[in-house]
Structures are given as structure tokens and as C-alpha cells.
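> My questions will all concern the structure given below.
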């Protein structure tokens with residue numbers, strides 16, 4: 001029984017350390033100054049074919065810009081989000097066929113979560129978890145070129161974004177409205193099903209937290225990562241401590 005108690009106390013101590021680490025962690029974002037961009041080398045995993053979801057948190061200042069684009073040198077796969085309409089709208093573009101979905105409701109100089117989804121039949125755009133528009137787009141598969149992925153710019157120096165961007169996710173599945181709303185305030189672990197690339201920037205770099213290793217590096221300018229913990233209240237995915245304690249104590253009693 002003494003060994004049982006020691007094991008339980010050690011486990012509880014580990015949980016407490018984990019909670020402290022989570023509560024004291026900083027949330028960093030990539031600062032885009034209008035001439036800076038991250039470049040991610042092309043790979044199969046950032047070229048979803050049958051479905052795609054792109055998500056990000058943004059606090060933008062400039063009225064135009066392609067903030068995430070796989071669109072370079074005439075090779076075009078997708079753009080989202082692109083700021084349009086003098087900073088009041090978002091554009092979602094997919095290839096082949098240059099299918100464009102424009103929506104209103106975007107705002108400059110405040111944090112907003114944006115998501116672009118294609119399920120094989122329809123394109124949808126969400127702002128802060130609310131569907132803002134949709135159009136039919138029925139193609140067998142998305143374009144898949146050799147273009148690299150850029151965070152902060154599209155296929156022209158005219159399209160540099162300016163502002164803050166955080167928690168970028170590229171999925172090979174179409175996320176539902178419920179999933180978008182449930183997880184948009186969470187910092188993902190990187191091992192979620194269907195997640196092909198994930199950039200939290202919390203280590204002051206553009207490393208991909210998934211096993212796909214879609215790591216970003218300097219494309220243009222000099223990336224700066226800033227602490228936005230007090231602006232953007234994101235929460236790490238974590239265990240329910242009460243449930244975990246109950247489950248673990250029950251297991252210990254059964255097995256000892």
C-alpha cells in the first residue's frame with residue numbers, strides 16, 4: 001500500500017508541474033511588417049487533394065494582402081486568407097479553375113479567427129466560427145504544383161500582409177462548423193487526425209508541430225515573434241485533471 005501511495009503522489013506531482021507549465025506559457029505570434037514572409041518548402045502534405053481546411057488567427061493592419069498562399073511563379077494551388085475590399089472582406093481561392101469565394105465581415109486591427117473549408121463539393125469561409133459564405137466547387141482533386149507555401153505574401157510584392165498572425169493550421173479534411181468553434185481557441189498538439197501542418201510560433205520560429213516537418217524559414221525580411229498572451233487568450237489542449245485523477249486512482253486500486 002505504501003508503494004501505491006508513493007506512485008500516486010509522484011503522478012500527482014507530475015500533473016501539478018504540467019498544469020504550472022501550461023498556465024505560465026506564453027503565446028507568441030508572427031509579426032508581419034509588410035516586407036516579411038515565411039517560406040515553407042513544397043511537400044505532398046501541404047497539397048491536400050480531396051479536402052482542405054485552412055485556419056488562422058489574425059490581427060491585420062493593411063487593407064490588402066495574401067496572408068497565406070501556395071501561389072508563386074505561375075504555380076497556383078490555394079490562397080487563404082487574402083484581405084480584400086479595403087480591409088473589410090476575405091478571399092478564398094482554390095485551383096484548378098481559379099474558384100474564388102469572397103465574403104464580408106473582416107475587420108482590421110482586432111483579433112479574428114478565420115477558416116476556409118472545401119469538402120470536395122463546396123467552399124465555405126468562416127469568421128470567428130460563423131459561416132460567412134459558400135459556393136459550389138465540384139472538382140475531382142485540388143491542384144498540386146511545385147510552388148512553395150508562403151506565410152505573409154502571395155505571388156507579388158504587392159500582396160505582403162501587415163499585422164499579426166498566429167495558430168495556422170492546414171488540414172487534409174473538411175472541418176465542420178462545430179469543430180472549428182470547439183477548437184479555435186485551443187493550441188493544438190500537432191498529432192490531431194488530418195492535421196498536415198501547424199504553426200503556433202511559440203518557440204520563436206516557424207517549425208511545424210506535426211510529424212510532417214513542414215518547417216518554415218525566412219523567405220523575405222527578418223521574422224519577429226511577439227508576445228500576445230494578453231491580447232489573444234488561447235488555451236492549450238489539456239487533460240481533465242479531475243477525470244484523470246479518478247481514473248488513475250481506480251486503476252491503481254485494481255492493479256495493486
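> Rounded to the nearest 0.05, what FRET efficiency do residue 49 and residue 98 give with R0 = 22 Å and r taken as the Cβ-Cβ distance? Could you check? Can you show the working numbers first?
Values: r = 18 Å, r/R0 = 0.80.
After rounding to 0.05, the efficiency reads 0.80.
> With each label point set 7 Å from Cα along the Cα-Cβ vector, what nm distance links residue 85 and residue 218?
Here the answer is 3.8 nm between the modelled labels.
> Here is a further query. Distance in nm between label sites at residue 110 and residue 134, each 7 Å beyond Cα in the beta-carbon direction?
The modelled label-to-label distance comes out at 2.6 nm.
> Can I ask one more? Could you check the simple spin-label distance between residue 176 and residue 227, using points 7 Å along Cα→Cβ, in nm with one decimal?
It works out to 3.9 nm between the two label points.
> Taking a ≥ b ≥ c as the square roots of the eigenvalues of the Cα gyration tensor of segment 27-237, is the shape rounded (a/c under 1.5), prolate (a/b larger than b/c) or oblate?
On the way: a/c = 1.19, a/b = 1.16, b/c = 1.02.
It comes out rounded by the Cα gyration axes.
Every number here is computed from the coordinates shown, using simple stated rules; none is lab data. As the structure is a prediction and not an experimental result, all values here were calculated from the model. Methodologically, a virtual Cβ is constructed for each residue, glycine included, from the backbone with ideal geometry; neighbour enumeration extends over all protein chains shown.
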